[in-house]
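As C-alpha coordinates, the structure follows; a few thoughts come after it.
The values are calculated or read from the model by the stated rules, or taken from the named source; none is laboratory data. Bear in mind the structure is a predicted one, so any value in this text is a computation, not a measurement. Cβ: placed from backbone, ideal geometry, glycine included. Neighbour counts: every protein chain shown. Ligands, DNA and RNA are excluded from the accessible area calculation, which covers all protein heavy atoms including side chains. Shrake-Rupley method; radii C 1.70, N 1.55, O 1.52, S 1.80 Å.
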Amino acid sequence: MNYKMRGRGEKDEFVFKDSSIGLIRLLCFLILFVIGIIIGLTSSSHVDRYFITSRPDNFYTDYTTAAPAPSYAKTATYDQNCSTNSNCKNDDCLSMESFRMPKNLTHRMTDNELFWRASMVPDKPEYPFDRVPKLAFMFMTRGPLPFLPLWERFFRGQDENKYSIYVHSNPGVRLDFENSSVFYQRQIPSQDVKWGTVTLVDAERRLLGNALLDFSNDRFILLSESCIPIYNFPTIYNYLIGSTHSFLDSYDDPSRYGRGRYSRRMKPDIKLRDWRKGSQWFEIHRTIGIKIISDTKYYNLFKSYCLPSCYPDEHYLPTFMHMFYGGLNANRTVTYVDWSLGGPHPATFGADDVTENLIRSIRNNGTNCAYNKGKTSICFLFARKFSPSALDSLLELASSLLGF
(Lines give C-alpha, C1' and ligand atoms only; values in the text may rest on other atoms or scores of the structure.)
Protein backbone atom coordinates (compact mmCIF):
# COMPACT_ATOMS: atom_id res chain seq x y z
CA MET A 1 0.00 0.00 0.00
CA ASN A 2 1.20 3.41 -0.83
CA TYR A 3 0.63 6.17 1.75
CA LYS A 4 1.09 9.75 0.82
CA MET A 5 2.79 11.44 3.69
CA ARG A 6 1.98 15.16 4.39
CA GLY A 7 4.80 17.42 5.08
CA ARG A 8 5.17 19.60 8.12
CA GLY A 9 3.96 22.67 6.25
CA GLU A 10 0.75 20.99 5.18
CA LYS A 11 -0.13 20.10 8.83
CA ASP A 12 0.38 23.70 10.05
CA GLU A 13 -1.87 25.03 7.28
CA PHE A 14 -4.69 22.68 8.32
CA VAL A 15 -4.49 23.73 12.00
CA PHE A 16 -4.54 27.44 11.08
CA LYS A 17 -7.69 27.05 8.95
CA ASP A 18 -9.46 25.12 11.74
CA SER A 19 -8.64 27.84 14.33
CA SER A 20 -9.92 30.60 12.02
CA ILE A 21 -13.31 28.88 11.64
CA GLY A 22 -13.66 28.54 15.47
CA LEU A 23 -12.88 32.20 16.04
CA ILE A 24 -15.44 33.25 13.46
CA ARG A 25 -18.08 31.11 15.16
CA LEU A 26 -17.27 32.64 18.57
CA LEU A 27 -17.55 36.16 17.16
CA CYS A 28 -20.92 35.32 15.56
CA PHE A 29 -22.19 33.95 18.87
CA LEU A 30 -21.11 37.06 20.78
CA ILE A 31 -22.75 39.33 18.20
CA LEU A 32 -26.03 37.38 18.41
CA PHE A 33 -25.84 37.45 22.24
CA VAL A 34 -25.40 41.25 22.34
CA ILE A 35 -28.23 41.73 19.83
CA GLY A 36 -30.45 39.56 22.03
CA ILE A 37 -29.69 41.66 25.11
CA ILE A 38 -30.49 44.89 23.26
CA ILE A 39 -33.79 43.50 21.98
CA GLY A 40 -34.67 42.26 25.47
CA LEU A 41 -33.99 45.61 27.14
CA THR A 42 -35.95 47.46 24.50
CA SER A 43 -38.92 45.14 24.88
CA SER A 44 -38.79 45.42 28.67
CA SER A 45 -38.89 49.22 28.59
CA HIS A 46 -41.98 49.12 26.37
CA VAL A 47 -43.71 46.72 28.76
CA ASP A 48 -42.88 48.84 31.82
CA ARG A 49 -44.06 51.98 30.05
CA TYR A 50 -47.33 50.28 29.27
CA PHE A 51 -48.07 49.39 32.89
CA ILE A 52 -46.88 52.73 34.27
CA THR A 53 -48.72 54.98 31.84
CA SER A 54 -51.86 53.01 31.11
CA ARG A 55 -52.71 51.71 34.63
CA PRO A 56 -51.58 54.15 37.36
CA ASP A 57 -54.54 53.56 39.63
CA ASN A 58 -55.94 50.18 38.75
CA PHE A 59 -52.65 48.41 39.28
CA TYR A 60 -52.40 49.43 42.96
CA THR A 61 -56.13 49.21 43.52
CA ASP A 62 -56.27 45.63 42.24
CA TYR A 63 -53.21 44.74 44.30
CA THR A 64 -54.56 46.08 47.58
CA THR A 65 -57.99 44.60 46.92
CA ALA A 66 -56.58 41.17 46.28
CA ALA A 67 -54.18 41.25 49.22
CA PRO A 68 -55.57 39.88 52.49
CA ALA A 69 -56.22 42.47 55.24
CA PRO A 70 -53.68 42.49 58.07
CA SER A 71 -54.87 40.99 61.32
CA TYR A 72 -55.18 44.30 63.18
CA ALA A 73 -57.54 45.66 60.53
CA LYS A 74 -60.07 43.04 61.55
CA THR A 75 -60.23 44.22 65.14
CA ALA A 76 -60.14 48.01 64.83
CA THR A 77 -60.54 50.71 62.25
CA TYR A 78 -59.05 54.17 62.31
CA ASP A 79 -60.31 57.63 61.49
CA GLN A 80 -58.58 60.83 60.46
CA ASN A 81 -56.79 60.87 63.79
CA CYS A 82 -55.92 57.18 63.36
CA SER A 83 -58.22 56.31 66.22
CA THR A 84 -61.36 54.23 66.41
CA ASN A 85 -64.84 54.63 64.87
CA SER A 86 -63.93 54.88 61.15
CA ASN A 87 -61.01 54.31 58.84
CA CYS A 88 -58.24 56.07 57.00
CA LYS A 89 -59.28 54.87 53.55
CA ASN A 90 -60.04 58.36 52.30
CA ASP A 91 -57.85 60.35 54.68
CA ASP A 92 -54.13 60.58 55.17
CA CYS A 93 -53.49 59.87 58.85
CA LEU A 94 -49.94 61.20 58.50
CA SER A 95 -50.97 64.46 56.85
CA MET A 96 -49.85 67.75 58.40
CA GLU A 97 -53.47 68.72 59.03
CA SER A 98 -54.14 65.58 61.06
CA PHE A 99 -50.82 65.82 62.89
CA ARG A 100 -51.07 69.45 63.97
CA MET A 101 -54.76 69.41 64.91
CA PRO A 102 -56.42 66.04 65.63
CA LYS A 103 -60.11 66.39 64.87
CA ASN A 104 -61.27 63.27 66.66
CA LEU A 105 -60.32 62.92 70.30
CA THR A 106 -60.87 59.17 70.55
CA HIS A 107 -57.67 57.20 70.93
CA ARG A 108 -56.30 54.20 72.82
CA MET A 109 -53.09 55.71 74.17
CA THR A 110 -52.20 55.18 77.81
CA ASP A 111 -51.47 58.26 79.90
CA ASN A 112 -47.72 57.68 79.56
CA GLU A 113 -48.01 57.32 75.79
CA LEU A 114 -50.19 60.43 75.61
CA PHE A 115 -47.80 62.52 77.71
CA TRP A 116 -44.80 61.32 75.71
CA ARG A 117 -46.40 62.36 72.44
CA ALA A 118 -47.80 65.63 73.80
CA SER A 119 -44.40 66.62 75.23
CA MET A 120 -42.78 66.79 71.80
CA VAL A 121 -41.59 70.30 71.00
CA PRO A 122 -40.42 71.19 67.47
CA ASP A 123 -36.88 72.50 67.37
CA LYS A 124 -37.69 74.54 64.27
CA PRO A 125 -39.23 77.84 65.45
CA GLU A 126 -41.19 78.62 62.28
CA TYR A 127 -44.56 76.94 61.79
CA PRO A 128 -45.27 75.39 58.35
CA PHE A 129 -48.86 76.67 58.59
CA ASP A 130 -50.67 79.88 59.52
CA ARG A 131 -50.91 79.46 63.29
CA VAL A 132 -53.64 81.35 65.13
CA PRO A 133 -53.18 80.97 68.92
CA LYS A 134 -56.15 79.28 70.52
CA LEU A 135 -57.68 79.00 73.99
CA ALA A 136 -58.22 75.41 75.13
CA PHE A 137 -61.29 75.18 77.38
CA MET A 138 -60.84 72.02 79.47
CA PHE A 139 -63.92 70.87 81.38
CA MET A 140 -63.48 68.38 84.20
CA THR A 141 -66.93 67.12 85.11
CA ARG A 142 -68.47 64.28 87.08
CA GLY A 143 -71.67 64.26 85.04
CA PRO A 144 -73.59 66.40 82.53
CA LEU A 145 -72.80 70.06 81.91
CA PRO A 146 -75.73 71.95 83.50
CA PHE A 147 -74.61 75.26 81.99
CA LEU A 148 -74.26 73.94 78.45
CA PRO A 149 -76.82 76.45 77.04
CA LEU A 150 -74.84 79.32 78.60
CA TRP A 151 -71.55 78.08 77.19
CA GLU A 152 -73.18 77.54 73.79
CA ARG A 153 -74.17 81.20 73.77
CA PHE A 154 -70.67 82.18 74.90
CA PHE A 155 -69.08 80.44 71.88
CA ARG A 156 -71.81 81.30 69.37
CA GLY A 157 -70.54 83.33 66.42
CA GLN A 158 -66.91 83.22 67.55
CA ASP A 159 -63.99 82.29 65.31
CA GLU A 160 -63.54 78.52 65.63
CA ASN A 161 -59.84 78.97 64.89
CA LYS A 162 -59.45 80.73 68.25
CA TYR A 163 -60.70 78.07 70.64
CA SER A 164 -61.01 74.34 71.25
CA ILE A 165 -62.98 72.32 73.81
CA TYR A 166 -62.12 69.20 75.82
CA VAL A 167 -64.35 67.35 78.28
CA HIS A 168 -63.20 64.80 80.87
CA SER A 169 -66.03 62.93 82.61
CA ASN A 170 -66.03 59.74 84.62
CA PRO A 171 -66.14 56.56 82.49
CA GLY A 172 -69.70 55.47 81.85
CA VAL A 173 -71.04 59.03 81.83
CA ARG A 174 -72.48 59.60 78.39
CA LEU A 175 -72.81 63.22 77.36
CA ASP A 176 -75.23 63.41 74.46
CA PHE A 177 -74.40 66.61 72.60
CA GLU A 178 -76.23 67.46 69.40
CA ASN A 179 -74.03 67.30 66.31
CA SER A 180 -74.52 71.06 65.88
CA SER A 181 -73.01 71.73 69.30
CA VAL A 182 -69.43 72.97 69.72
CA PHE A 183 -69.15 70.26 72.42
CA TYR A 184 -70.01 67.46 69.98
CA GLN A 185 -67.36 64.69 70.02
CA ARG A 186 -65.14 66.67 72.37
CA GLN A 187 -64.96 64.07 75.14
CA ILE A 188 -61.51 62.62 75.77
CA PRO A 189 -60.70 59.08 76.98
CA SER A 190 -61.09 59.26 80.75
CA GLN A 191 -60.62 57.35 83.99
CA ASP A 192 -62.29 57.41 87.41
CA VAL A 193 -61.76 60.55 89.46
CA LYS A 194 -62.21 60.70 93.24
CA TRP A 195 -62.28 63.92 95.21
CA GLY A 196 -59.26 64.52 97.44
CA THR A 197 -57.01 62.02 95.64
CA VAL A 198 -54.25 62.16 93.06
CA THR A 199 -56.78 61.06 90.42
CA LEU A 200 -57.83 64.73 90.22
CA VAL A 201 -54.28 65.60 89.19
CA ASP A 202 -54.36 62.71 86.72
CA ALA A 203 -57.48 64.15 85.09
CA GLU A 204 -55.91 67.60 84.87
CA ARG A 205 -52.79 66.21 83.21
CA ARG A 206 -54.91 64.05 80.92
CA LEU A 207 -56.85 67.09 79.74
CA LEU A 208 -53.59 68.97 79.20
CA GLY A 209 -52.07 66.08 77.28
CA ASN A 210 -54.97 65.84 74.87
CA ALA A 211 -55.17 69.59 74.39
CA LEU A 212 -51.42 69.84 73.72
CA LEU A 213 -51.81 67.55 70.69
CA ASP A 214 -53.26 70.57 68.90
CA PHE A 215 -50.21 72.71 68.11
CA SER A 216 -52.35 75.86 67.88
CA ASN A 217 -53.57 75.66 71.48
CA ASP A 218 -51.64 78.35 73.32
CA ARG A 219 -53.46 78.88 76.63
CA PHE A 220 -55.15 76.18 78.71
CA ILE A 221 -58.09 76.85 81.03
CA LEU A 222 -59.27 74.28 83.58
CA LEU A 223 -62.99 74.52 84.34
CA SER A 224 -65.61 72.50 86.20
CA GLU A 225 -69.27 71.89 85.42
CA SER A 226 -70.16 74.63 87.93
CA CYS A 227 -67.99 77.32 86.25
CA ILE A 228 -69.36 80.19 84.19
CA PRO A 229 -67.70 82.96 82.14
CA ILE A 230 -68.27 86.48 83.49
CA TYR A 231 -67.03 88.25 80.35
CA ASN A 232 -67.60 87.62 76.65
CA PHE A 233 -65.23 85.61 74.46
CA PRO A 234 -63.29 88.52 72.85
CA THR A 235 -62.50 90.02 76.28
CA ILE A 236 -61.26 86.70 77.69
CA TYR A 237 -59.32 85.83 74.53
CA ASN A 238 -57.47 89.16 74.39
CA TYR A 239 -56.75 89.08 78.13
CA LEU A 240 -55.16 85.64 78.10
CA ILE A 241 -53.41 85.72 74.73
CA GLY A 242 -51.97 89.13 75.61
CA SER A 243 -50.61 88.00 78.96
CA THR A 244 -46.93 87.18 79.47
CA HIS A 245 -47.73 85.08 82.56
CA SER A 246 -49.70 82.00 83.49
CA PHE A 247 -52.40 82.25 86.14
CA LEU A 248 -51.93 79.53 88.74
CA ASP A 249 -52.69 80.17 92.40
CA SER A 250 -49.58 79.50 94.51
CA TYR A 251 -48.96 80.76 98.03
CA ASP A 252 -47.41 79.75 101.34
CA ASP A 253 -49.99 78.77 103.95
CA PRO A 254 -48.32 78.30 107.36
CA SER A 255 -51.42 76.72 108.92
CA ARG A 256 -52.18 73.03 109.33
CA TYR A 257 -54.16 73.26 106.08
CA GLY A 258 -51.02 74.29 104.23
CA ARG A 259 -47.62 73.40 105.66
CA GLY A 260 -49.34 70.94 107.97
CA ARG A 261 -49.97 68.68 104.96
CA TYR A 262 -46.31 68.49 104.02
CA SER A 263 -44.64 65.09 104.34
CA ARG A 264 -40.97 64.91 105.33
CA ARG A 265 -40.66 61.82 103.18
CA MET A 266 -40.55 64.18 100.17
CA LYS A 267 -37.08 65.34 101.22
CA PRO A 268 -34.60 66.14 99.81
CA ASP A 269 -36.37 66.83 96.52
CA ILE A 270 -39.17 68.90 98.05
CA LYS A 271 -38.40 70.83 101.21
CA LEU A 272 -40.87 72.50 103.55
CA ARG A 273 -39.85 75.93 102.28
CA ASP A 274 -40.87 74.83 98.76
CA TRP A 275 -44.34 73.69 99.80
CA ARG A 276 -47.20 75.74 98.30
CA LYS A 277 -50.98 75.68 98.18
CA GLY A 278 -53.48 77.05 95.68
CA SER A 279 -56.73 76.67 93.79
CA GLN A 280 -56.72 73.89 91.22
CA TRP A 281 -58.58 76.01 88.64
CA PHE A 282 -55.71 77.32 86.57
CA GLU A 283 -54.98 79.03 83.27
CA ILE A 284 -51.50 78.34 81.90
CA HIS A 285 -49.32 78.94 78.87
CA ARG A 286 -48.39 76.11 76.50
CA THR A 287 -44.79 76.09 77.70
CA ILE A 288 -45.90 75.40 81.28
CA GLY A 289 -48.41 72.79 80.14
CA ILE A 290 -45.65 70.80 78.44
CA LYS A 291 -43.50 70.96 81.58
CA ILE A 292 -46.38 69.66 83.72
CA ILE A 293 -47.20 66.62 81.61
CA SER A 294 -43.47 65.89 81.16
CA ASP A 295 -42.86 65.70 84.91
CA THR A 296 -42.52 62.25 86.43
CA LYS A 297 -40.25 62.75 89.42
CA TYR A 298 -42.31 65.25 91.42
CA TYR A 299 -45.64 63.80 90.37
CA ASN A 300 -44.55 60.43 91.79
CA LEU A 301 -43.57 62.06 95.07
CA PHE A 302 -47.04 63.53 95.46
CA LYS A 303 -48.66 60.28 94.39
CA SER A 304 -46.70 58.38 97.05
CA TYR A 305 -46.75 60.80 99.97
CA CYS A 306 -49.56 63.35 99.46
CA LEU A 307 -52.34 60.99 100.48
CA PRO A 308 -55.93 61.80 101.54
CA SER A 309 -56.08 64.75 103.94
CA CYS A 310 -53.22 66.20 101.90
CA TYR A 311 -55.25 66.92 98.71
CA PRO A 312 -52.71 66.69 95.84
CA ASP A 313 -54.81 68.90 93.54
CA GLU A 314 -54.25 71.83 95.94
CA HIS A 315 -50.49 71.36 96.31
CA TYR A 316 -48.84 69.58 93.38
CA LEU A 317 -49.07 72.27 90.71
CA PRO A 318 -48.61 75.24 93.09
CA THR A 319 -45.45 73.62 94.51
CA PHE A 320 -44.10 72.51 91.12
CA MET A 321 -44.73 75.95 89.62
CA HIS A 322 -43.11 77.76 92.56
CA MET A 323 -40.01 75.57 92.49
CA PHE A 324 -39.21 75.85 88.79
CA TYR A 325 -41.31 78.44 86.93
CA GLY A 326 -42.29 81.06 89.49
CA GLY A 327 -41.09 83.88 87.25
CA LEU A 328 -43.58 82.85 84.57
CA ASN A 329 -46.54 82.80 86.96
CA ALA A 330 -48.83 85.61 88.14
CA ASN A 331 -49.42 83.66 91.39
CA ARG A 332 -53.19 84.10 91.17
CA THR A 333 -56.17 82.44 89.58
CA VAL A 334 -58.60 84.02 87.12
CA THR A 335 -61.51 81.91 88.46
CA TYR A 336 -63.46 83.48 91.30
CA VAL A 337 -64.49 81.27 94.25
CA ASP A 338 -66.23 82.37 97.45
CA TRP A 339 -64.57 80.81 100.52
CA SER A 340 -66.15 83.21 103.00
CA LEU A 341 -68.28 80.51 104.61
CA GLY A 342 -65.27 78.42 105.61
CA GLY A 343 -65.13 74.65 105.45
CA PRO A 344 -63.76 72.29 102.80
CA HIS A 345 -66.10 73.50 100.05
CA PRO A 346 -66.80 76.99 98.69
CA ALA A 347 -70.17 78.74 98.65
CA THR A 348 -72.67 77.71 95.98
CA PHE A 349 -74.74 80.31 94.14
CA GLY A 350 -78.34 79.30 93.42
CA ALA A 351 -81.11 80.88 91.39
CA ASP A 352 -81.96 83.46 94.08
CA ASP A 353 -78.32 84.49 94.43
CA VAL A 354 -77.74 85.28 90.78
CA THR A 355 -78.32 88.97 90.25
CA GLU A 356 -76.73 91.75 88.30
CA ASN A 357 -75.13 93.00 91.53
CA LEU A 358 -73.49 89.61 92.14
CA ILE A 359 -71.85 89.54 88.72
CA ARG A 360 -70.72 93.15 89.05
CA SER A 361 -69.29 92.52 92.51
CA ILE A 362 -67.23 89.59 91.15
CA ARG A 363 -66.01 91.69 88.25
CA ASN A 364 -65.20 94.76 90.33
CA ASN A 365 -64.14 93.61 93.76
CA GLY A 366 -62.28 96.79 94.59
CA THR A 367 -58.80 95.42 93.97
CA ASN A 368 -56.27 95.81 91.20
CA CYS A 369 -54.24 92.86 89.95
CA ALA A 370 -50.84 92.66 88.36
CA TYR A 371 -51.04 92.17 84.61
CA ASN A 372 -47.81 92.04 82.62
CA LYS A 373 -45.87 95.10 83.81
CA GLY A 374 -48.88 97.08 85.00
CA LYS A 375 -52.13 96.82 86.95
CA THR A 376 -55.67 95.99 85.90
CA SER A 377 -59.09 96.06 87.55
CA ILE A 378 -60.03 92.85 85.75
CA CYS A 379 -58.87 90.10 88.09
CA PHE A 380 -61.35 87.31 87.32
CA LEU A 381 -62.64 85.97 84.00
CA PHE A 382 -64.64 83.00 85.32
CA ALA A 383 -66.55 82.18 88.49
CA ARG A 384 -67.79 79.18 90.44
CA LYS A 385 -69.54 77.48 92.19
CA PHE A 386 -73.00 77.83 90.60
CA SER A 387 -75.95 75.51 91.12
CA PRO A 388 -77.83 74.13 88.06
CA SER A 389 -80.86 76.06 89.29
CA ALA A 390 -79.04 79.30 88.42
CA LEU A 391 -79.11 78.62 84.66
CA ASP A 392 -82.24 80.59 83.77
CA SER A 393 -81.14 83.60 85.80
CA LEU A 394 -77.73 83.55 84.12
CA LEU A 395 -79.26 83.30 80.65
CA GLU A 396 -81.32 86.41 81.40
CA LEU A 397 -78.15 88.31 82.24
CA ALA A 398 -76.12 86.93 79.34
CA SER A 399 -77.02 89.46 76.70
CA SER A 400 -77.52 92.51 78.93
CA LEU A 401 -74.54 92.15 81.28
CA LEU A 402 -72.24 89.31 80.25
CA GLY A 403 -72.05 90.45 76.63
CA PHE A 404 -73.13 87.29 74.87
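Applying 1/(1 + (r/R0)^6) with r as the Cβ-Cβ distance of residue 351 and residue 160 and R0 = 25 angstrom yields a FRET efficiency of 0.20.
Computed extension length for residue 377-residue 184: 65.9 nm, one decimal, from 0.36 nm per residue of separation with the Cα-Cα distance subtracted.
A 26 angstrom limit on the alpha carbon distance is what I want to check against. Which of 134/194; 124/303; 277/385; 124/373; 267/385; 277/303 exceed it?
On the way: 134/194 30 Å; 124/303 35 Å; 277/385 20 Å; 124/373 30 Å; 267/385 36 Å; 277/303 16 Å.
Those over the limit are 134/194; 124/303; 124/373; 267/385.
Sorting 203-211, 163-171 by their mean Cβ neighbour count within 10 Å, with the most densely packed peptide first, gives 203-211, 163-171.
At full extension, residue 401 and residue 294 could sit 34.5 nm farther apart than now, given 0.36 nm per residue minus the alpha carbon distance.
Kindly report the accessible area of the stretch 126-183 per residue (heavy atoms of protein chains, probe 1.4 Å, no ligands, DNA or RNA), in Å².
Numbers: 2950 Å² over 58 residues.
Accessible surface, normalised per residue, equals 51 Å².
In order along the stretch 254-262, phi translates into HN-Hα couplings of x, 6, 5, 8, x, 4, x, 8, 6 Hz, rounded to whole numbers, per the Karplus curve 6.51 cos²θ - 1.76 cosθ + 1.60 with θ = phi - 60° and x for Gly and Pro.
Rounding to the nearest 20 debye, state how big the charge dipole of the stretch 121-277 is about its Cα centre with +1 on each Lys and Arg Cβ and -1 on each Asp and Glu Cβ.
Numbers: 23 positive and 19 negative charges, 192 e Å.
Using only the charged Cβ atoms, the result is roughly 920 debye.
Multiplying the residue separation of residue 368 and residue 304 by 0.36 nm and removing their Cα-Cα distance gives an extension gain of 19.1 nm.
Solvent-accessible area assigned to carbon and sulfur over the stretch 329-404 amounts to 49 percent, based on a 1.4 Å probe.
Backbone amide hydrogens, once placed in the peptide plane, bring residue 163 within less than 5 Å of 135, excluding anything fewer than 5 places away on its chain.
Roughly how big is the stretch 191-279's charge dipole about its Cα centre, with Cβ charges of +1 (Lys, Arg) and -1 (Asp, Glu), in debye to the nearest 20?
On the way: 14 positive and 11 negative charges, 147 e Å.
Result for the stretch 191-279 is approximately 700 debye, rounded to the nearest 20.
The label-point distance for residue 341 and residue 35, in a model that sets each label 7 Å from Cα toward Cβ, rounds to 10.6 nm. Spin-label pair residue 255-residue 173: with each label point 7 Å from Cα along the Cα-Cβ axis, the two points sit 2.9 nm from one another. With R₀ fixed at 45 Å, the C-beta to C-beta distance from residue 263 to residue 108 puts the FRET efficiency at about 0.80. Converting phi to 3J(HN,Hα) with the Karplus coefficients 6.51, -1.76 and 1.60 and the offset θ = phi - 60°, the stretch 239-249 yields 5, 7, 5, x, 7, 9, 10, 8, 10, 9, 5 Hz in sequence order, with x at every glycine or proline. Considering only C-alpha atoms, what is the centroid distance from the stretch 189-223 to the stretch 117-142, in Å? The stretch 189-223 and the stretch 117-142 have Cα centres spaced 14 Å from each other.
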